[in-house]
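Here's the structure, in structure tokens; my notes come after.
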Amino acid sequence: MKVVVTGGSGFVGSNTLKELGKREQQWFNYDMVTGCDILNYDQLCSVINEGDKVLHEAAIARFAEADADPLKAYRINVQGTENVVKACMAKGAERLIYASTGSVYMPLEQEPPITEDFPARGNSIYACSKCTAEKVVMEGTTPWVILRYAHLYGEGKIGHGAVGGFIDRMNKGLRPIIFGGKQSNDFCLIDDIVHANILALDTPNVNEAYNIGIGEELTTIHVFEILRDFFKYDTTFEMRPAREVDPIRFVFDISKAERLLGYAPKYTFERGIARWLGGKGQ
């Protein structure tokens, strides 16, 4: 039995493969970088064998990229997922873990913390494509686990997202850009995400969706202030209007993942930054 990781060269996939390697688990990186395409059903079937576990990370994973090419986002995030589901069914995969996003809960109509019972719809091209892909996974006959990730940061994500974007601009001597600033989010270190992925590969509690974050609510301005203090930067931020796709408040209730997956995040945001960057910039 092996673990097939689609998008294994990406941010989450590559970090997960490192952990699988430490555990001496046989794995296969199904990624465009390795010449593999989730839009190629026959190729998927040639790689997935009976009893394999499939961790589906491949996706158009950025709002801007999805906005720039909605058709591409649909093809990869929805049709690509449909191919993965069909291949898992045809080849007898033991389970399929689908990497989703907290963005499927947008727009929020209830006050956080967000539980898995909140409606999943999406208010952006990216979120709608991920939400639709979730439905495709749920309709398959292969046992599934859906992991809805919070806002991710960590090794390999400099230049993208609130945290990586702040650090990148600081390193270049530029003022970090904040959209609105008062919005809150649940910021999760990649180490904790990888931990959840590993747990999902073995959990007996399948056919369930789980929120994966840390349950800590921080505003964007607070995140910037933590980073500024950590790096000892004497700089201010550039304030721009809030984006419509960003919720005013976002924080997960992770009690279901704690109870059924055994998920126990280790890193608050401050501890996560210290683990990731250590003495860099100090």
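The values are calculated or read from the model by the stated rules, or taken from the named source; none is laboratory data. As the structure is a prediction and not an experimental result, all values here were calculated from the model. Using ideal geometry, Cβ is built from the backbone for each residue, glycine included, and neighbour counts are taken over all protein chains shown.
Which condition number does residue 61 fail, the rest of (1) at pLDDT 95 or above; (2) closer than 23 Å to residue 142 by Cβ; (3) within 16 Å of the chain's Cα centre (by Cα) being met?
That leaves (1) as the condition not met.
Do we have any residue at all in the stretch 131-141 that's buried (at least 21 other Cβ atoms within 10 Å of the Cβ) and over 30 Å from residue 50 (Cα atoms)?
no
What's the number of the only condition in (1) touching a Pro at 6+ places or on another chain (Cβ under 7 Å); (2) under 29 Å from residue 14 (Cβ atoms); (3) crowded, with 16+ Cβ neighbours inside 10 Å that residue 237 fails to meet?
(2)
Out of the stretch 33-55, which residues are more than 17 Å from residue 90 (Cα to Cα) and loosely packed, with under 15 Cβ neighbours inside 10 Å? Lay out the reasoning, then the answer.
Taking the stretch 33-55 and keeping what is more than 17 Å from residue 90 (Cα to Cα), we get 33-37.
Across the stretch 33-55, the qualifying residues are 33, 34, 35.
Quick test for you: out of 101, 16, 6, 81, pick the one residue that is under 21 Å from residue 134 (Cβ atoms) and in contact with a Lys or Arg (Cβ under 6 Å, 6 or more places away or on another chain).
101
Regarding residue 81, is this residue within 19 Å of the chain's Cα centre (by Cα), buried (at least 19 other Cβ atoms within 10 Å of the Cβ), over 19 Å from residue 245 (Cβ atoms) and among the β-branched types (Val, Ile, Thr)?
Yes.
Check whether at least one residue in the stretch 135-149 is touching a Leu at 6+ places or on another chain (Cβ under 6 Å), more than 15 Å from residue 250 (Cβ to Cβ) and modelled with pLDDT of 95 or more, and report yes or no.
Yes, because at least one residue in the stretch 135-149 is touching a Leu at 6+ places or on another chain (Cβ under 6 Å), more than 15 Å from residue 250 (Cβ to Cβ) and modelled with pLDDT of 95 or more.
In the stretch 30-56, what residues are free of Cβ contacts under 8 Å to residues at least 40 places away in the same chain, part of a helix (DSSP H, G or I) and closer than 20 Å to residue 96 by Cα?
32, 42, 43, 46
Out of 87, 66, 73, 59, which single residue is in a helix (DSSP H, G or I) and within 20 Å of residue 201 (Cα to Cα)?
Every option except 87 fails the conditions.
So for the stretch 165-173 (the condition being surrounded by 18 or more Cβ atoms within 10 Å (Cβ to Cβ) and either without any contact (Cβ under 8 Å) to a residue 40 or more places away in the chain or in a strand (DSSP E or B) (or both)), does at least one residue qualify?
Keep residues of the stretch 165-173 that are surrounded by 18 or more Cβ atoms within 10 Å (Cβ to Cβ), which gives 166-167, 170.
Those left that are additionally either without any contact (Cβ under 8 Å) to a residue 40 or more places away in the chain or in a strand (DSSP E or B) (or both): none.
For the stretch 165-173, residues surrounded by 18 or more Cβ atoms within 10 Å (Cβ to Cβ) and either without any contact (Cβ under 8 Å) to a residue 40 or more places away in the chain or in a strand (DSSP E or B) (or both): absent.
So which residues in the stretch 216-231 are among the hydrophobic types (A, V, I, L, M, F, W, C), touching a Gly at 6+ places or on another chain (Cβ under 6 Å) and closer than 29 Å to residue 255 by Cβ, if there are any at all?
Within the stretch 216-231, just 221 meets the criteria.
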